[in-house]
Amino acid sequence: MKKIQIVMPQMGQSVAEGTVIQWKKQLGETVQADEVLLEVETDKTTVDVESPASGRLASCLKHAGETAAAGEAIGWLEVESEERSDPEPPDALPISAAGAHRPHAAVAGDQITVTARQVQLDFNTAPMPDAEHDRYSPYVLRLAMLNSISLQELQAIKGSGRNGRTTKSDVLQYVARRPVAQPTVQALAGKEDLTPEDMARLGEVVPMNTVRRTIADHMVQSIRTSAHVTMVHAVDMTHLVNLRERIKDDFQKKYDAKLTYTSVMLFVTSRVLKTFPTINASVCEKNLILRKNIHIGCAVALPDESLVVPVVRNADQHSFPEIAKELDRLIAVARKKALTRADVENGTFTISNFGAFGSLIGTPLINQPQVAILGMGAVFKTPVVVDNQICIRDQLYLSFSFDHRVIDGAMGGRFLNAIQKATEALTEEVLNLKAL
């Protein structure tokens, strides 16, 4: 009898690994060529893996719930001698010989490199013991290397796989939680040490204040945590522009509040969010929390070029005049740098109006731990085709950034479409009611 290796198939260029769902055959059971042996799941699809030949299932190297890299051995098939055979895998060798063939992880500076025992290692590298190496698949080792995870860091990651093996998810979660290393002037200048004179030759060095450092940390952490995707929809603002011009003065006299496009968008968004609970949510480790309140933050630029995000609490329960007045209050307090903790905490969604500075389209970053943010561009006039006629209309681009771990493109598109339709349908009467 000869043995044929059963490997994890390559299922697309972007798919690096698969997880065994279940074996369709028991150990020792016979199988025909092209008969389904097991079911495998990737991050994109579920597929059946067929037998490469007729024979008997001799061993299963990966069991249900375990992950293997594409091309990695997951089992062995015993076939008649006339069938082709593959060499025994390293794990099938005696323990004394296994180390001579199996790849090992070694430390080279702060990077993890994968090498083999037969290769002459540098003097400062130390091969990983066989018992330790069994915890890591080649894919996990490569993922660690690409994310500059040292051997000591990798060994400290608690594995959630079978027998404590470290999985892809374990590494990615560690990367998301790992403190962000801040870029330094030294790195930019290409020198290890910079004297004050060196810095002066490069240019003026201005230390970031506490607020700017906090913003920087928060933005970088957002990029490292969420799978950002941005969609853009065009909104026909012609009717709203005309309505605002007609009633804004009377509105301010009556309610002592400005009728702004930001307050209008906050009002509309608060109503639409009630039908999209997954977007009014936050991520906590492996859980999604659907927030019971709708607290919408509004990014406010301050004179010193810093940024704060005061929150309109329970926005869906307030009329438009109440929202407009509260937003005016928060902006005024923010610019006096007198916001309280209650004014800025527990936001569930954020709106950023970069159109106030003339920008048309942006890609706003999600305010963690929220899962989405809506960006507003400037309102501008442009030729538009309406009923097969070219006419000049007032347009606004809405940029919706969302966390693709939680929100799919279809939901993002439906949400933006609902915002667009609700905005274009606004009337003077609606702006004085609590619901659309």
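Observations, loosely collected:
- Of the residues screened, LEU290 is one that is over 19 Å from LEU365 (Cα atoms) and either modelled with pLDDT of 95 or more or not assigned by TED's automatic domain parsing to the domain that holds ASP394 (or both).
To keep it simple, each residue is scored yes or no on (1) more than 31 Å from the chain's Cα centre (by Cα); (2) under 26 Å from SER222 (Cα atoms); (3) surrounded by 14 or more Cβ atoms within 10 Å (Cβ to Cβ); (4) assigned by TED's automatic domain parsing to the domain that holds GLN173.
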{"site": "PHE251", "(1), (2), (3), (4)": "yes, no, yes, no"}
{"site": "VAL264", "(1), (2), (3), (4)": "no, no, yes, no"}
{"site": "LYS274", "(1), (2), (3), (4)": "no, yes, no, no"}
{"site": "CYS298", "(1), (2), (3), (4)": "no, yes, yes, no"}
{"site": "LEU307", "(1), (2), (3), (4)": "no, yes, yes, no"}
{"site": "PRO310", "(1), (2), (3), (4)": "no, yes, yes, no"}
{"site": "ALA315", "(1), (2), (3), (4)": "no, yes, yes, no"}
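Residue by residue, here is whether (1) in contact with a strand residue (DSSP E or B) (Cβ under 7 Å, 6 or more places away or on another chain); (2) without any contact (Cβ under 8 Å) to a residue 12 or more places away in the chain; (3) of a type outside the set (A, V, I, L, M, F, W, C) holds:
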{"site": "HIS239", "(1), (2), (3)": "no, no, yes"}
{"site": "PRO277", "(1), (2), (3)": "yes, no, yes"}
{"site": "ALA281", "(1), (2), (3)": "yes, no, no"}
{"site": "CYS298", "(1), (2), (3)": "yes, no, no"}
{"site": "GLU322", "(1), (2), (3)": "no, yes, yes"}
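- For the range 222-242, a residue qualifies if it is assigned to a helix (DSSP H, G or I) and over 15 Å from VAL309 (Cβ atoms), and the qualifying residues are ILE223, ARG224, THR225, THR238, HIS239, LEU240, VAL241, ASN242.
- Failed condition for GLU50, given (1) at pLDDT 75 or above; (2) acidic (Asp, Glu); (3) within 30 Å of LEU172 (Cβ to Cβ): (3)
- Residue count, the range 387-422 (criterion: assigned to a strand (DSSP E or B) and over 17 Å from ALA227 (Cβ atoms)): 10
- The set of residues in the range 324-348 being charged (D, E, K, R) and touching a residue at least 24 places away in the same chain (Cβ under 8 Å) consists of LYS325, ASP328, ARG335, LYS337, ASP343, GLU345.
- For GLU245, the criteria (1) within 26 Å of SER352 (Cα to Cα); (2) at pLDDT 90 or above; (3) surrounded by 11 or more Cβ atoms within 10 Å (Cβ to Cβ) hold in every case but one, which is (3).
- Within the range 367-386, the set of residues being at pLDDT below 95 and either in a loop (DSSP other than H, G, I, E, B) or of a type in the set (D, E, K, R) (or both) comprises ASN367, GLN368, PRO369.
The values are calculated or read from the model by the stated rules, or taken from the named source; none is laboratory data. In this text the structure is predicted, and so the values were computed from the model without any measurement. Every residue, glycine among them, receives a Cβ derived from its backbone with ideal geometry; neighbour counts consider all protein chains shown.
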